[in-house]
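Reviewing the structure listed below.
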Amino acid sequence: MGLLDSVIGSLGQGGGGHNNIQAQLIQAVLAMMMNGGPSGAAPAAGGGLGGLGGLLGKLQQGGLGDIAASWVGSGPNAPVSAGQLEGALGGDLLGALAQQLGIGQQEVAGHLSQVLPQLVDGMTPDGQVPQGHAMPDVGQLDDLLGGLLGRR
């Protein structure tokens, strides 16, 4: 996880509060996908996310399958509301993120509604979900995070 920390750390240098929260949130979500839970927190109820496929499965179970599929596909990304994410992801997961970031659960859901479609889209450039816990390589991750945080 040191590489991810350094990439996000370099992107967060000199940024405003909004970008800093989004950078921290992206880092926490990627950590959940890779390690099963927010860093320093217990895994979400029912276990870890199980990579990008696990996150997409959780969204599917929460009734957001078509929306999440648009993020993976090659067409435009369908929007998602904070409320929809709260319903699909559940209070345990959002609560753990909120505690880790020191912000409210609704604020976490609001930020997630802005970054999650782009994050998933960026992690599936060929319209395919990587198998297992596969993550983008260093260059792809740097480009992806730079784009998400408006720093190209």
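The values are calculated or read from the model by the stated rules, or taken from the named source; none is laboratory data. Values in this document were obtained by computation on a predicted structure and should not be read as measured data. Virtual Cβ from ideal backbone geometry, glycine too; neighbours counted across all protein chains shown.
Residue by residue, here is whether (1) assigned to a loop (DSSP other than H, G, I, E, B); (2) over 16 Å from Leu97 (Cα atoms); (3) at pLDDT 70 or above holds:
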position: Ser6; (1), (2), (3): no, yes, no
position: Asn20; (1), (2), (3): no, no, yes
position: Met34; (1), (2), (3): no, no, yes
position: Leu56; (1), (2), (3): no, yes, yes
position: Gln61; (1), (2), (3): no, yes, yes
position: Gly65; (1), (2), (3): no, yes, yes
position: Ser74; (1), (2), (3): yes, yes, yes
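Could you list, in sequence order, the residues of the range 76-124 that are polar (S, T, N, Q), more than 16 Å from Met33 (Cβ to Cβ), touching a Pro at 6+ places or on another chain (Cβ under 8 Å) and not in a helix (DSSP H, G or I)?
Asn77
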